[in-house]
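Remarks on the structure that follows.
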Amino acid sequence: MGGAVPVSARPQRMVVGGGVFSEDGRGCTTTGPVPNIAVSEKKPLTTFNGRFGHPWICLLNILVRTLSTQNGRDSFYEGGVLMITGIVKDWRYKEHEMGAYHPESPQRIEAIYRMIEKEIAFPYLQIEPRPASEKEVQMVHTPAYVRKIKETAGREQVYLDPDTSTCGRSYEIALLAAGGLLKTLDFIMEGKIQNGFALVRPPGHHAEADRAMGFCLFNNVAIGASYLIKKYGLKKILIVDWDLHHGNGTEHAFYSRRAVLYFSTHQFPYFPGTGYWDETGEGEGEGYTVNVPLRADKGDEDYLYIFEKILSPIASQYKPEFILVSAGFDIYGGDPLGGMRVSPEGFGALTSVLLSLAQESCQKRLAFVLEGGYDLGGLQEGVKSVLLLLSNEGEKPSVKEKASGELEQELAPVFKAQKRYWKV
């Protein structure tokens, strides 16, 4: 495809400096009119609804972040380095309800979105989600299970297990959650963005092929990996799951397949009771499941040590074509459902490792999808740290890897199991 594609031709909104490009093609405005800025001979730049107070500051901000064209696509450059992050953000995700006192509440996504609106000033592409099709969901889930969830539509409340229920809108919103991630993956594969964060709910990594579990209806990250395999023909996908709980559904979806390497750190013993160190896969998938079960009270240095000493060498040998992250913020210190001590800086440190791996092996292709996290302040600060690193706006965290004697003892069987398959 030759020539520049104007931003206004895209069905998305480009957010720059805390504002949003709309799609009416009128030019750049904040508190007053500003002349149109043409990015092609056919259409002017779309309208910028910023929060900078004076329109010429808006204009200057856009000029500083120069719009360039590379490989036939418009790209934002800052300091000569391409860094575009996409964010899935849609208030409809609040419409899935599981009860007034349920920890997986609409307030989780609201807290994150309010933080973005108030505190995120770097450029990002706001991705409008689409619903996943039933056929796409059935890449992971059985047709009978999909029908079961579909039949809950319009019903006030249906309990699927003691912790998981639906409301009248849950089926539609669950499709939108999976589809939001799929659209993010398309944008990354098409080169429109380098990385993205699907800030969606309900979460997904506990959902099995034929049943809901642990607040999860459809397994978003597993559907995403299957989509990359089927649509783009990828043969090596790394899923990193740092949620407090083991992603049993994701592990089981790929346990006998080598196209996906599943890596999980999780508190253990704890819900859902899976994720032993000796669960390493079976058949063709043997060696492509890496479980790191941990006792409570692990902090930034512990997690970084695991990422540097176990994840990084395995990923470097595996050479993934895409990295997906099940990002659970329930490992945050103070989360009501967890016992870990990861700080916002710690989340940034883990993201920095993943960015390095993505640059090393898969053309920087990296997508996060929201899983757990039930302390609203922890969610806000954790997500903000991840976004700052993804967008190249945050400073590299000063966290240093360090293993206590207790951690080394816990990791000994993990190293023993994985040395059968990898140089660790």
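Centre-to-centre, using Cα atoms only, the range 318-344 and the range 373-402 are separated by 10 Å.
Positive-end ranking of G191, S391, G405 along the dipole of the range 85-418, with charges on Cβ about the Cα centre, is headed by G191.
Pull out a ≥ b ≥ c, the square roots of the eigenvalues of the alpha-carbon gyration tensor of the range 346-392, then state rounded if a/c is under 1.5, prolate if not and a/b is larger than b/c, and oblate in the remaining case. Prolate.
Principal axis extents of the Cα atoms in the range 231-289, from largest to smallest and rounded to whole angstrom, are 36, 22, 14. When peptides 329-341, 123-135 are ranked by their average number of other Cβ atoms within 10 Å per residue, the highest-first order is 329-341, 123-135. Sorting D186, D302 from the fewest to the most surrounding beta carbons within 10 angstrom yields D186, D302. Among the listed pairs K89/K364; K230/K309; K135/K236; K89/K230; K192/K402; K192/K319, those with a Cα-Cα distance over 28 Å are K230/K309; K192/K402.
Between the beta carbons of K400 and K423, assuming R0 = 22 Å, the FRET efficiency works out to 0.40 to the nearest 0.05. The range 177-195 and the range 118-151 have Cα centres separated by 12 Å. Our estimate of slack between T142 and A296, defined as 0.36 nm per intervening residue step minus the Cα-Cα distance, is 52.0 nm.
Across the options L244, V353, G86, the greatest Cα extent toward the positive end of the charge dipole of the range 85-418 (unit charges at beta carbon of Lys, Arg, Asp, Glu) belongs to G86. Volume of the convex hull of the range 212-322 (Cα atoms only), normalised per residue: 101 Å³. Here each label is just a point 7 Å from Cα along the line to Cβ, and for W91 and Y159 those points are 3.3 nm apart. Only residues of the range 261-281 count here: report those whose backbone N is under 16 Å from the spot 7 Å along Cα→Cβ of K319, or say none. Those under the cut-off are 261.
At a Förster radius of 25 Å, what calculated FRET efficiency corresponds to the Cβ-Cβ distance of E119 and L376, to the nearest 0.05?
0.95
All of the numbers you see were taken from the coordinates with simple rules; none came from a lab. Since the structure is predicted, the reported quantities are computational estimates derived from the model, not experimental observations. As a convention, Cβ positions derive from the backbone with ideal geometry for all residues, glycine included, and neighbour counts pool all protein chains shown.
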